[in-house]
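Below is one structure; the comments refer to it alone.
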Amino acid sequence: MQLGVIGLGRMGRIVVDRVLDAGHDVVAFDLSEEAVAAAADAGAEPADSVADLADRLGDDKRIWLMVPAGDAVDATLDDLDPHLDENDVVVDGGNSHFEASVRRAEACSAAYLDCGTSGGPAGAELGFSLMIGGPQWAYDEMTPVFDAVATGPAGHDRMGEAGSGHYVKMVHNGVEYALMQAYGEGFELLAEGRYDLDLEAVARTWNNGAVIRSWLLELCEEAFREEGTDLGDVDDHISGGSTGTWTVQEALEQEVPVPLIYQSLAERFGSRADDRFSRRLANRLRYGFGRHEVVRKDE
Ligand SMILES: NC(=O)C1=CN([C@@H]2O[C@H](COP(=O)(O)OP(=O)(O)OC[C@H]3O[C@@H](n4cnc5c(N)ncnc54)[C@H](O)[C@@H]3O)[C@@H](O)[C@H]2O)C=CC1
Ligand SMILES: O=C(CO)[C@H](O)[C@H](O)COP(=O)(O)O
């Protein structure tokens, strides 16, 4: 099969390499000329624009988008659409909002597959987990590519109609937030608690047979090994948050309680301000109702 890949960053480049390794052909485009040149060095055919990529693919185009979610997806589809027809297939492997994917699937001249991708840069060796929404025929047609990009045939499946792939990935990320929060709280108690513990040793022990072993816990072990058991100079600031926000918004709309996911999202937002107005007000209110001493900034 011949696959066009647009977006050759951390994730798109893995798609290129795994598809080439599986014996398929790749035509590659990115706004970054360096990224295109690097993909060409790896064996892909370079394209210098979206239109050039489409021309090089000929009939029955198979295209994988791995650009940042949002405007970049719409801009790429605007450029692609004049070159597409109903026999073509476009996969969006990024973290797009599921409603945007439904809208794009309706507008796109090709069959459109929304593909939630999990595994991060480690997927280069292991392969990804792929959650795919859209027409069955297009999923079947793309199966050789999904087999190559995923861990194998068991690493991908069609979740359902348009939007369902990105919907499942959105919830996956909400679960990811809550798991990270739970590991964080447990290790914080161990770090602050009554024993002088080597947290790398704790994580390693847990990773060998414990009920709570997981890849995220292996990454905890790696973090303690590389940064030190006190995490060295790693700041208490957590970036990101869009997929977790979408998960909570959807849960509110569906009236499904997700307190752990919400709490972990709130912790992220809280981590970005070290001078919280709510805490300052609570500090002052304790004086109001109980004449408890106000802690002042210069104390
Ligand atoms: N990094 C990760 O662990 C994961 C990322 N994702 C999602 O995958 C998508 C890509 O993420 P990364 O590869 O990490 O991002 P990245 O920032 O490493 O790469 C994005 C690439 O897209 C290119 N690009 C941007 N706009 C473009 C356009 N209009 N046309 C062509 N190329 C364009 C950039 O030059 C860059 O090379 C995002 O939606 C992200 O949320 C999903 C799962 C895991
Ligand atoms: O999808 C992912 C992992 O599964 C990406 O790493 C994503 O960026 C994580 O979300 P956030 O940026 O909100 O932490």
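The values are calculated or read from the model by the stated rules, or taken from the named source; none is laboratory data. All figures in this text were calculated on a predicted structure; none of them were measured in a lab. Neighbour counts run over all protein chains shown; Cβ positions are idealised from the backbone, glycine included. The area values use the complete protein model at the heavy-atom level, side chains included, leaving out ligands, DNA and RNA. Shrake-Rupley method; radii C 1.70, N 1.55, O 1.52, S 1.80 Å.
Structure summary
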item: Simple Cβ-charge dipole of the chain, Lys/Arg +1 and Asp/Glu -1, about Cα centre, in debye nearest 20; result: 1540
item: Gain on full stretching of the segment that runs from Asp41 to Glu226 - 0.36 nm per residue minus C-alpha separation; result: 63.4 nm
item: Inter-part distance where the stretch 215-232 and the stretch 77-153 are each reduced to a Cα centre, Å; result: 33
item: Long-range HN-HN contacts of Leu3 with modeled amide H, under 5 Å; result: Asp25, Val26, Val27
item: Theoretical gain in end-to-end length, Leu31 to Ala107 [0.36 nm per residue, Cα-Cα removed]; result: 25.0 nm
item: Lys, Arg +1 and Asp, Glu -1 on Cβ, resulting dipole of the stretch 1-137 about Cα centre, debye, nearest 20; result: 520
item: Inverse mean reciprocal Cα-Cα distance (Kirkwood Rh) of the chain, Å; result: 21.6
item: Extended-chain gain in nm, criterion 0.36 nm per residue less alpha-carbon gap, Asp198 and Ser49; result: 48.4 nm
item: Residues with amide H under 5 Å from that of Val91, placed H, sequence gap 5 or more; result: Ile63, Trp64, Leu65, Leu113
item: For the stretch 165-177, 3J(HN,Hα) per residue [Karplus equation, 6.51 cos²θ - 1.76 cosθ + 1.60, θ = phi - 60°, Hz, x = Gly/Pro]; result: x, 6, 5, 5, 5, 4, 5, 3, 5, x, 4, 4, 4
item: Mean separation of Cα contacts under 8 Å, 6 or more apart, over the residue count of the stretch 84-161: relative contact order %; result: 26
item: Helix-only mean residue ellipticity at 222 nm for the chain, each DSSP H run of n ≥ 4 adding -39500 (n - 2.57), per residue, nearest 500; result: -16000 deg cm²/dmol
item: Cα gyration tensor, the stretch 2-161 - rounded (a/c under 1.5), prolate or oblate; result: rounded
item: Accessible area (Å², 1.4 Å probe, nearest 10) - Ser49; result: 40
item: Average accessible surface area per residue within the chain, 1.4 Å rolling probe, Å²; result: 55
item: Amide H within-cut-off set for His156, under 5 Å, with H built and near neighbours excluded; result: Leu130
item: Computed accessible area, Glu267, all protein chains, 1.4 angstrom probe, square angstrom; result: 80
item: Residue with peak Gaussian network fluctuation, the chain [Cα springs, cutoff 10 Å], from Val26, Val168, Val234; result: Val234
item: In degrees, nearest ten, helix 242-254 long axis to first principal axis of the chain (Cα); result: 80
item: Helix 136-149 vs. the chain, principal-axis angle (Cα, 0 to 90°, nearest 10); result: 70
item: Percent carbon-and-sulfur accessible area, the chain, ignoring ligands, DNA and RNA, probe 1.4 Å; result: 51
item: Heavy atoms of Thr229 accessible to a 1.4 Å probe, total area in Å² rounded to 10; result: 60
item: Cα long-axis angle, helix 277-290 against the chain (0 to 90 degrees, to the nearest 10); result: 20
item: All Cα pairs of the stretch 169-271, percent lying beyond 24 Å; result: 30
item: Solvent exposure, largest accessible area first (probe 1.4 Å, DNA, RNA and ligands not counted), of Ile261, Ile132; result: Ile261, Ile132
item: Ala75 versus Val234: modelled label distance in nm, points set 7 Å from Cα along the beta carbon direction; result: 3.3
item: Label point distance in nm, Arg284-Ala266, each placed 7 Å from Cα along Cα→Cβ; result: 2.2
item: Estimated dipole of the stretch 162-259 in Debye, rounded to 20 [Cβ of Lys and Arg +1, of Asp and Glu -1, Cα centre]; result: 500
item: DSSP-loop trypsin sites (Lys or Arg not before Pro) across the stretch 194-271, with at most 12 other Cβ within 10 angstrom; result: Arg194
item: Dipole of the chain [Lys/Arg +1, Asp/Glu -1 at C-beta], most positive-end residue of Trp137, Ala105, Tyr262; result: Tyr262
item: Environment charge at Gly127 (Cβ cut-off 12 Å; Lys +1, Arg +1, Asp -1, Glu -1); result: -3
item: Distance (nanometres) between label positions extended 7 Å along Cα→Cβ at Asp274 and Val294; result: 2.3
item: Modelled FRET efficiency - R0 22 Å, Val175 with Ala124, Cβ distances, 0.05 increments; result: 0.45
item: Mean separation of Cα contacts under 8 Å, 6 or more apart, over the residue count of the chain: relative contact order %; result: 12
